[in-house]
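The values are calculated or read from the model by the stated rules, or taken from the named source; none is laboratory data. Being a predicted model, the structure only gives us computed values, none of them experimental. FYI the Cβ positions are ideal-geometry reconstructions off the backbone, even for glycines, and counts take in every protein chain you see.
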Amino acid sequence: MSIADVAEVTRVAQRQLEAIERSDFSALPGTPYAVGFARAFARAVGADEVEVARGVRAELGASDPADRYEMFEPVDPARIPPRRLAWIAALLAILLGTAYAVWRTQFFSVSTDQEVSDLANRASEQAGTPAQRQAQKLAASGTQAVSGGPVVLTATQDVWLRIYDAQGTRLLEKQMLKGERYTVPDQANNPMILTGRPNALSVTVGGKPVAPLGPPERTIADVPVSAAALLARPVAAPQPATTAPVTQAVPAATPQGSTRKPVTLSPSTMKAMDEAAAGSQPSSLASPEQ
């Protein structure tokens with residue numbers, strides 16, 4: 001039999017069979033492989049495999065005094081990974097582990113960033129507009145403001161509006177008709193209003209009117225309509241009263257038995273008359289007909 005024939009029968013690589021013939025066992029993976037391949041070699045050519053195995057162990061310095069028979073069946077050498085392949089596999093395992101660690105770090109980093117973003121968004125929503133912050137500041141400071149009673153919105157004209165709470169839950173959204181009323185729930189969490197015509201709404205707290213929610217014909221949003229928030233709003237300054245003409249009866253010398261109707265004097269005429277009475281020269285004097 002040729003070495004190639006033995007390799008085909010034993011399924012041991014030809015270079016390893018040649019190494020056994022040369023007693024070059026250092027070219028084999030280790031003592032068990034050397035003994036096993038030698039047994040297969042001997043069995044294929046009809047030699048005493050036990051004696052051959054004993055001789056191999058003796059050459060390797062691993063003799064067995066009991067001549068223990070090793071139940072070792074060599075496998076296809078093509079299935080035995082070479083040392084270089086083992087190093088490549090180890091390197092791939094390291095690379096895969098590193099890639100997984102990087103992915104896990106980035107995944108948790110993205111998750112953390114998303115959580116921070118969600119928290120920031122919720123904080124921003126809770127902070128809201130300056131009016132919202134004012135209402136929340138009053139609540140956080142522990143101020144015990146009197147609610148003043150229910151908040152009632154009355155439509156003085158047809159108007160669309162939306163009432164919602166701090167979480168965005170809609171409490172009311174409709175076209176209110178003139179004269180229609182809506183009472184804001186007392187238990188609502190920081191109720192707010194959105195409308196394009198705040199001047200079409202009359203707002204009362206406990207039956208008492210409060211300042212308008214916004215300028216006429218201007219859209220307002222996120223304006224708190226709770227009793228505490230409405231009572232905390234600044235009171236609108238009263239409009240100055242328009243000076244009305246003064247009606248005064250001016251006595252005049254008239255013939256006996258005749259009467260004369262009182263005349264209406266303008267403020268400038270009265271000022272001129274006062275100056276004349278004080279002995280000064282009036283700047284202008286209007287005739288009684290004026």
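General observations
- Residues within the stretch 1-55 that are loosely packed, with under 14 Cβ neighbours inside 10 Å, among the charged types (D, E, K, R) and assigned to a loop (DSSP other than H, G, I, E, B), tallied: 3
- Count of the stretch 182-233 residues which are part of a loop (DSSP other than H, G, I, E, B) and among the polar types (S, T, N, Q): 5
- The residue pairs whose first member lies in the stretch 162-180 and is under 17 Å from I220 (Cβ atoms), whose second member is of a type in the set (K, R) and surrounded by fewer than 13 Cβ atoms within 10 Å (Cβ to Cβ), and whose beta carbons are closer than 6 Å, counting only pairs six or more residues apart or on different chains, are Y164/R170.
- For the residues V75, V45, the requirement of being among the hydrophobic types (A, V, I, L, M, F, W, C) and either at pLDDT 90 or above or in contact with a Leu (Cβ under 9 Å, 6 or more places away or on another chain) (or both) singles out V45.
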